[in-house]
Amino acid sequence: MPITLPALPFAPNALEPHISARTFEFHHGKHHKAYVDNTSKLIEGTDLADKALEAIIQAAAADPSKKGLFNNAAQVWNHSFFWQCLKLGGGGKPSGKIAAKIDAELGGYDKFAADFKNAGVTQFGSGWAWLVLKEGKLAIVSSANAETPLTQGLKPLLVADVWEHAYYLDYQNRRPDFLQAFLDHLVNWDFVNANLG
């Protein structure tokens with residue numbers, strides 16, 4: 001099945017002023033597209049050409065000679081997931097099943113928000129801050145570069161992209177401000193609740 005660039009689930013300017021249309025022009029239109037194009041080239045004519053993206057990621061993760069394929073394929077998945085984590089008028093305290101789990105397992109929303117922001121701020125270099133299910137319980141983890149919870153037996157629920165291309169045009173070196181805006185204004189809690197099942 002072809003690896004394709006998914007459309008953003010909102011207009012490129014829909015999340016302004018928190019994320020600008022210019023950022024999406026580069027982040028989605030150039031960075032994400034390049035990962036899609038590179039993945040497609042790397043699997044062309046191989047036994048992975050007709051596999052689902054998740055299967056490609058797992059196969060590449062298990063083979064050190066396929067590091068380039070892993071980096072591109074995992075970035076396709078991570079970015080596609082990240083777009084779904086964003087919405088106009090999102091952020092703030094959640095409701096529903098995720099709110100109850102955050103209260104029970106992560107010490108309440110304020111502690112979750114502080115710990116999630118810290119995971120993103122302290123991720124050295126490029127990477128991601130995740131809320132995941134680990135053996136049925138919530139956990140906050142970070143990953144470097146293209147690493148993804150998919151290869152670690154974890155179920156992703158929410159992610160914030162802390163690669164510089166995610167925020168630099170809008171926030172320059174102020175990664176903490178970007179993460180605060182993500183938490184306060186952008187998190188798509190409906191998507192997180194849907195991931196909980």
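Laboratory data are not the source of any read-out in this text; all were calculated from the coordinates shown. Only a predicted model underlies this, so the values are computations on that prediction, with no experimental measurement involved. Because the Cβ atoms are built from the backbone with ideal geometry, glycine has one as well, and the counts that use them run over all protein chains shown.
For the reader, a short list of remarks on this structure follows.
- Using the empirical formula 2.2 N^0.38 Å as the baseline, the Cα radius of gyration of the stretch 21-84 reaches a ratio of 1.13.
- Note on residue 100/residue 44: beta-carbon distance plugged into 1/(1 + (r/R0)^6) with R0 of 30 Å gives a FRET efficiency of 0.05.
- Within the chain, longest stretch free of exposed chymotrypsin sites (Phe, Trp or Tyr not before Pro) [DSSP loop, at most 16 other beta carbons within 10 Å]: 11-123
- Calculated FRET value between residue 21 and residue 118, using beta carbons and R₀ = 30 Å, to 0.05: 0.55
- D_trans [Stokes-Einstein, Kirkwood Rh over alpha-carbon pairs] for the stretch 44-115, 37 °C, 0.692 mPa s, µm² s⁻¹: 217
- For the chain, the Cα-based Rg and Dmax, in that order, read 16.4, 50 Å.
- Sites residue 88 and residue 139 - FRET efficiency at Förster radius 25 Å, r taken between beta-carbons, to 0.05: 0.35
- The calculated 222 nm mean residue ellipticity attributable to helices in the chain amounts to -12500 deg cm²/dmol, summing -39500 (n - 2.57) over DSSP H runs of n ≥ 4 and dividing by all residues.
- Net charge of neighbours whose Cβ lies under 10 Å from the Cβ of residue 128, counting Lys and Arg as +1 and Asp and Glu as -1: -2
- Translational diffusion of the stretch 97-196, µm² s⁻¹ [Kirkwood Rh, Cα pairs; Stokes-Einstein; 4 °C; 1.567 mPa s]: 94
- Placing a pseudo-label 7 Å from each Cα along the Cα-to-Cβ vector at residue 111 and residue 10 gives an inter-label distance of 2.9 nm.
- Two-site label geometry, residue 126 and residue 37: point separation in nm, points 7 Å out along Cα→Cβ: 1.6
- Counting only residues at least eight positions apart within a chain, or on another chain, the lysines with an alpha carbon under 23 Å from that of residue 137 are 93, 97, 101, 111, 117, 155.
- The stretch 1-146, dipole about Cα centre (Lys/Arg Cβ +1, Asp/Glu Cβ -1), debye to the nearest 20: 260
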